[in-house]
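To start, the structure itself, in structure tokens.
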Amino acid sequence: MKGMHLPDIRMLLQGASPRSSEMFPELNNLLNTTPDKAEQGKLTLLCDARTDGSFLVHHFLSFYLKANCKVCFVALLQSFSHYNIVAQKLGVSLAAARERGQLVFLEGLKSSVDVFFQAQEDPHPLQFLREASAGNLQPLYEFVREALTPADNGEAAWRCPVLLVDDLSVLLSLGMGAVAVLDFVHYCRATVCCELKGNMVALVHDSGDAEDEENNTLLIGLSHQSHLILRTEGLATGFCKDVHGQLRILWRRPSQSTARRDRSLTFQYKIQDKNVSFFARGMSPAIL
Amino acid sequence: MAAVATCGAGAGGTESMAAATSKSNVTSFQRRGPRARGTDSGGPRLVSIAGTRPSVRNGQLLVSTGLPALDQLLGGGLAVGTVLLVEEDKYSIYSPLLFKYFLAEGIINGHTLLVASAKEDPADILQELPAPLLDDSCKKEFDEDVCNKKPESDIKMKIAWRYQLSPKMEVGPVTSSRFGHYYDVSKRIPRELIETSKWHGFFLPEKMSSADKVECCSLTPGYMKLLHFIQNIIYEEGFDGSNPQKKQRNILRIGIQSLGLPLWGDDVCCSENCDSSHSLSKFLYILRGLLRTSLSACIITMPTHLIQNKAIIARVTNLSDTVVALESFVGSERETNPLYKDYHGLIHIRQIPRLNNLICDESDVKDLAFKLKRKLFTIEPVLST
């Protein structure tokens, strides 16, 4: 890819970045991106295996809000206050973003209770929870489209729309088939990435040897469509206090042939209270 | 989420935790500052509920699991609004104990209980709860981690300074302002304690006999009924703060025994390709939604050793907050292993939630064994050579 250069290894070895509480500056360095020059029209796949990759979700949420993008966050896994408290550690207030219309937040846990116990008049994005047989995610797609399509007054208030989903594997647990979820992603990409020139970021768990076929189908299907894959893995050697896991970054060009090899980098990381530090494999500050 | 405003830095928080008991015997966490007393305005700044304490890490409100050793391993206790999933040991010998400790702790603290089971009548479960240990005699067996009280006896024990500031506990039934108690499984809980406590029972055979028309949905009817029952209690008794008539200042402790058994109408334990494969995970998701929006905490025991489809176990784990698995040595080859001769089984902390935080309190020690020693359930690291 033109214009890319490898991140400065010396900077990585020095440890924590001087700027504090601003998403994860080290991760921005690894991805060679900053909020002012975020790319557009991309699908980023977040994947975690044998570990918790949610710190990546928090990173991208605060990153795109700082980049002045309009964000639609389909938050299926945790409550609003959870994401808000973590975002504040990273220098962003979700409540304020929601107030000013920059953030549209679908709180899955709370909404599921509303839709499950009471018949709703209007179609609800999580309507499928009331259905007897596996349906489709069209209401959810409509919700996303309405949230991110700019208002008619023609003013471009925000930079570009971003759809963030945490996480898609939950949809499988709730009765959706892998095909239905892939359809949903396809429709969202068509609207958000192609039509509106925005970005999409989604997290999928890698169930590893748990033989979850539906999940594997989803993961493989998404991997082929993604421009960027961030894969976190627990260490093969087990728990370690100083190294929480390994992050593999894979840059892809989904539309082109694989004649040119995709570029990938691997780092190990340690999660701290307000930051995540990255280092080359075997170069943890604890052992140097 | 019942999130409490973050504790001040170290010293301030510790001092305020040693609060005096008020007339109603409610332990109150009083933060030093202009708004020192809890008010009924219901603002998120202060919550003063019996049997709870804020987490030192993120101010999250915690309740005790009824097993102080387990509380420590979970970072202080179980967060209000979350699910504790206990993977049952093979012959279901020890998991019922964890279930009972959780409920007994609720009774001692005056919490409301909701007990659900498909195989045992909740009234019977409550009769069999262990009796709390209210005297000091067995405390001396433990190290300084024990948070304890002194009765009238004037034996001065070497304990951490902050515990000396804690109010003295009355030796007698009911209220104790301590967080986490010890129980004697050889004795039953005094009947008066159960009679004065508030509890709701959900016994599946009774509930299924009534011919209510339940709206068709991909959940098995048993799970549907249970969800509606729980939601009803939460709303009617004001645990979610939505009912203007009821100002609830108490915790609802929900205990669901052996979820997933065929008795619930679910075939997840019967075959690998089950028809209702999403029923259990959907149930958990909605349940967690209910918990997150109310002042409640839930323990679920599940016979995961019977579930053949590993994908379901993975999904269930992802949908739970805290997951603990018990592995007993009964009938296994480890029974004769000299390394484990002092223990009854292993306890695995499979998952601890990261709530309001990027990190969680993972214990460094991963090999933990438990034993049921005379009266008490202890957890220790396995000492390997």
### Task
Just report the Cα centroid separation between region A:53-74 and region B:84-127, whole Å.
41
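Would you mind calculating the relative contact order of region B:255-379 from Cα pairs under 8 angstrom and at least 6 residues apart, reporting the percent as a whole number?
Values: 156 pairs, mean separation 24.3, N = 125.
Taking the mean separation of contacting Cα pairs over the length of region B:255-379, I get 19 percent.
Defining a contact as two alpha carbons under 8 Å apart and six or more residues distant in sequence, what relative contact order in percent does chain A show?
Values: 497 pairs, mean separation 70.4, N = 288.
For chain A, the relative contact order is 24 percent.
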#### Entry: Residue-by-residue Karplus 3J(HN,Hα) for region A:231-240, coefficients 6.51, -1.76, 1.60, Hz, glycine and proline x
10, 9, 9, x, 5, 5, 7, x, 5, 9
### Task
Take chain A, connect every pair of alpha-carbon atoms lying under 10 Å apart with a spring to form a Gaussian network, then pick out the residue of A:Gly101, A:Gly53, A:Gly198 with the largest mean-square fluctuation.
A:Gly101
### Task
Along Cα→Cβ, 7 Å out, is where each label goes; now give me the distance between the ones at B:Glu236 and B:Ser332 in nm to one decimal.
4.2
### Message
If you fit an axis through the alpha-carbon atoms of helix A:178-188 and take the longest principal axis of the Cα set of chain A, what angle between them do you get, 0 to 90°, nearest 10?
### Response
90
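Counting DSSP beta bridges in region A:30-173, what percent are antiparallel, to the nearest 5?
0
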### Message
Pick from A:Asp167, A:Asp122, A:Asp242 the residue whose mean-square fluctuation is largest in a GNM of chain A, springs joining Cα atoms under 10 Å.
### Response
A:Asp122
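In this model, which of B:Lys198/B:Lys246; A:Lys70/A:Lys197; B:Lys310/B:Lys341; B:Lys90/B:Lys207 are farther than 21 Å apart at the alpha-carbon?
Values: B:Lys198/B:Lys246 16 Å; A:Lys70/A:Lys197 12 Å; B:Lys310/B:Lys341 31 Å; B:Lys90/B:Lys207 28 Å.
Where the Cα-Cα span goes over 21 Å, the pairs concerned are B:Lys310/B:Lys341; B:Lys90/B:Lys207.
Pull up the DSSP beta bridges for chain A and report the antiparallel fraction as a percent, rounded to 5.
Working: 17 of 45 bridges.
Expressed as a percentage, antiparallel bridges in chain A total about 40.
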### Task
Counting residues in region B:236-319 as N, plug N into 2.2 N^0.38 Å and put the Cα Rg over that result.
1.29
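Between A:Asn68 and A:Leu288, what length comes free when the chain is fully extended (0.36 nm per residue of separation minus the Cα-Cα distance, one decimal in nm)? If you can, show how the numbers build up before the last one.
Numbers: separation 220, 0.36 × 220 = 79.20 nm, distance 3.89 nm.
Extra length available between A:Asn68 and A:Leu288 comes to 75.3 nm.
Can you give the Rg to Rh ratio of region B:233-384, both from alpha-carbon atoms, with Rh computed by the Kirkwood formula?
My calculation puts Rg/Rh at 1.03.
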## Note on the structure
Scattering profile of chain A from the Debye formula, Cα beads only, expressed as log10 I(q)/I(0) at q = 0.13, 0.15 Å⁻¹, is -0.93, -1.25
### Message
Kirkwood hydrodynamic radius, region A:93-193, all distinct C-alpha pairs: what's the number in Å?
### Response
14.9
### Mean separation of Cα contacts under 8 Å (6+ apart) over length of region A:148-214, as relative contact order %
45
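With only alpha-carbon pairs counted, each pair once and no self-pairs, how large is the Kirkwood hydrodynamic radius of region A:33-104 in angstroms?
13.0
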### Query
If you average over every viewing direction, what projected area does the convex hull of the Cα atoms of region B:64-129 give, in nm²?
5.0
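Since every read-out is calculated from the coordinates, none of them should be taken as a lab result. Computed from a predicted model, the values in this text were never measured in an experiment. Here the Cβ is made from the backbone with ideal geometry for all residues, glycine too, and neighbour counts use every protein chain on show.
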